[in-house]
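Right, one structure below, let's go through it.
The values are calculated or read from the model by the stated rules, or taken from the named source; none is laboratory data. Owing to the predicted nature of the structure, the values given are computational and were not obtained by experimental measurement. No Cβ is skipped: glycine too gets one built from the backbone with ideal geometry, and neighbour counts run over all protein chains shown.
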Amino acid sequence: MENKYITAIIIAAVTILMGLALWPAMAGNIGTMTRTGTSTNVAFAIGTGTAAKTLTPCYQKAMTTSLEYGNASGGAIATGNYTITQNTGTDGYLEAKITLTNTSSLGATVNVTCTYEPKGYVESGGGRAIVGLIAIFMALLIMLAAVPDLRELIGLGGG
């Protein structure tokens, strides 16, 4: 076999291995980057020490949230009794934070229902489309490296 074919096979093998090594890091996060999540009736302890606390069931950015008492009294906490904001967390991502304006609910355990943006979510619609296209083109490049032009490889190429 000629050296140029051996070189082409080595380059194709390295390309395929590199593509397959990088694929899980890219494709494994597409869902996180492009889809919102939902937490439904997740128990959350408000705590007693402060009126502001990270709303962990709502991850990065809570878009809609309702709080209902999880104890026997039942019922919803009126939306005028709390505010939900987004702040930068200790890990650099945004986090949803609940601040009670009426401290009578301090110490309560509530059920949280929210639609949220997970950590790493791409807010721009165009950006979410590009994330999908990157995965498609990456898969095509791996395929092209794995299936070289066989006619040229065995010497049957035209011309």
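Residues in segment 1-51 that are of a type in the set (G, A, S) and closer than 26 Å to V131 by Cβ: G19, A21, A25, A27, G28, G31, G37, S39.
Among the residues of segment 1-12, not a single one is assigned to a helix (DSSP H, G or I), in the same structural domain as Q86 (by TED's automatic domain parsing) and out of contact with any Pro (no Cβ under 7 Å at 6 or more places or on another chain). Within segment 36-61, the set of residues being within 14 Å of the chain's Cα centre (by Cα) and not in a loop (DSSP other than H, G, I, E, B) comprises G37, T38, C58, K61. Scanning segment 17-35 for residues that are in a helix (DSSP H, G or I) and among the polar types (S, T, N, Q) yields T32, T34. Just wondering, is there one or more residues in segment 10-22 that are in contact with a helix residue (DSSP H, G or I) (Cβ under 9 Å, 6 or more places away or on another chain), hydroxyl-bearing (S, T, Y) and surrounded by 15 or more Cβ atoms within 10 Å (Cβ to Cβ)? Yes, that holds for at least one residue.
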